[in-house]
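Accompanying notes for the structure given below.
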Amino acid sequence: MRFTPASIALAALLTTVSSMGLSQRPDNQISPRSIEWQKAGEAARKAGNLAGATDALESALIDGAMADVARDHDVTLHLHGGFGRPPKPMDAKAERLFGLVRQCGADLGLPIGWRDTGGVCDGNNIAACGVPVVDTMGVRGGSIHSDAEFLLTDSLAERARLSALALWRIARGPFQPGQERG
């Protein structure tokens, strides 16, 4: 199980809020499942599996926080879902789609580059279904996903032209992801 920094912060907050004013709990009040996750995390760390250690220790934090909230507020909690996204590889279909977008950009006088950012988005879910994805064809700007995020207004029209041209060329018919032009 992989968690984001926000989920870890939430777990820490829930643990702190639920234990405010209390001293350390006796061992018999600590969630056995949380102890199991902690032991698994330590074993993974000792074996050199840092990703596995992180997953287990994060799970211990979440389980502990949930146990504290359930006990202190007399509620039942159920953890489901996850925080992970599938990978979005640059496979042959995605390369072909990116090539089309790059050519459209060149035809419009827009340099279009690609770089792996390691980030995730809804495009990861789409790519997991076998559909090629090119992310961030939107406006130019900076400081994405922060309180300082901004856009360059002169890029609104250029990116609309880029999207329209790419869609028009796909709709024309010769573009098939993963196939060479005939």
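The values are calculated or read from the model by the stated rules, or taken from the named source; none is laboratory data. From a predicted model like this one, the values you see are computed outputs, not experimental measurements. Note that each Cβ is placed from the backbone with ideal geometry, even for glycine, and that neighbours are counted across all protein chains shown. Note: accessible area is taken over every heavy atom of the protein model, side chains too, but ligands, DNA and RNA are not part of it. Shrake-Rupley method; radii C 1.70, N 1.55, O 1.52, S 1.80 Å.
Inside the stretch 110-153, can you point out the residues that are within 16 Å of Ala166 (Cβ to Cβ) and open to solvent by less than 60 Å² (accessible area, probe 1.4 Å)?
Of everything in the stretch 110-153, those that are within 16 Å of Ala166 (Cβ to Cβ) and open to solvent by less than 60 Å² (accessible area, probe 1.4 Å) turn out to be Leu110, Ile112, Gly123, Pro132, Val133, Val134, Asp135, Met137, Gly138.
Grab the helices (runs of 4 or more DSSP H) fully contained in the stretch 32-132, keeping just those with 1 or more residues being within 25 Å of Ile170 (Cβ to Cβ) and in contact with a Pro (Cβ under 7 Å, 6 or more places away or on another chain). Steps first, answer last, please.
Values: elements: 32-46, 50-73, 92-107, 122-128.
Once the helices (runs of 4 or more DSSP H) in the stretch 32-132 are filtered for at least 1 residues that are within 25 Å of Ile170 (Cβ to Cβ) and in contact with a Pro (Cβ under 7 Å, 6 or more places away or on another chain), what remains is 92-107, 122-128.
Going by the conditions given, is Ala160 without any contact (Cβ under 8 Å) to a residue 12 or more places away in the chain, surrounded by 10 or more Cβ atoms within 10 Å (Cβ to Cβ) and in a helix (DSSP H, G or I)? Before you say what the answer is, go through the steps one by one.
Working: without any contact (Cβ under 8 Å) to a residue 12 or more places away in the chain: yes; surrounded by 10 or more Cβ atoms within 10 Å (Cβ to Cβ): yes; in a helix (DSSP H, G or I): yes.
In short, yes.
Hey, could you check the stretch 89-109 for residues that are without any contact (Cβ under 8 Å) to a residue 40 or more places away in the chain and charged (D, E, K, R) and say which is surrounded by the most Cβ atoms within 10 Å (Cβ to Cβ)?
Checking each candidate, the answer is Arg102.
Give the residue that is nearest to the chain's Cα centre (by Cα), with candidates limited to residues of the stretch 140-181 that are of a type in the set (Phe, Trp, Tyr) and modelled with pLDDT of 90 or more. Lay out the reasoning, then the answer.
Kept after step one, since they are of a type in the set (Phe, Trp, Tyr), are these residues of the stretch 140-181: 150, 168, 175.
With the extra rule that they be modelled with pLDDT of 90 or more, the set shrinks to 150, 168.
Details: Phe150: 21, Trp168: 30 Å.
If we take residues in the stretch 140-181 being of a type in the set (Phe, Trp, Tyr) and modelled with pLDDT of 90 or more, then Phe150 is nearest to the chain's Cα centre (by Cα).
Do the conditions hold for Arg102, that is, is it modelled with pLDDT of 90 or more and either out of contact with any Gly (no Cβ under 6 Å at 6 or more places or on another chain) or among the β-branched types (Val, Ile, Thr) (or both)?
In short, yes.
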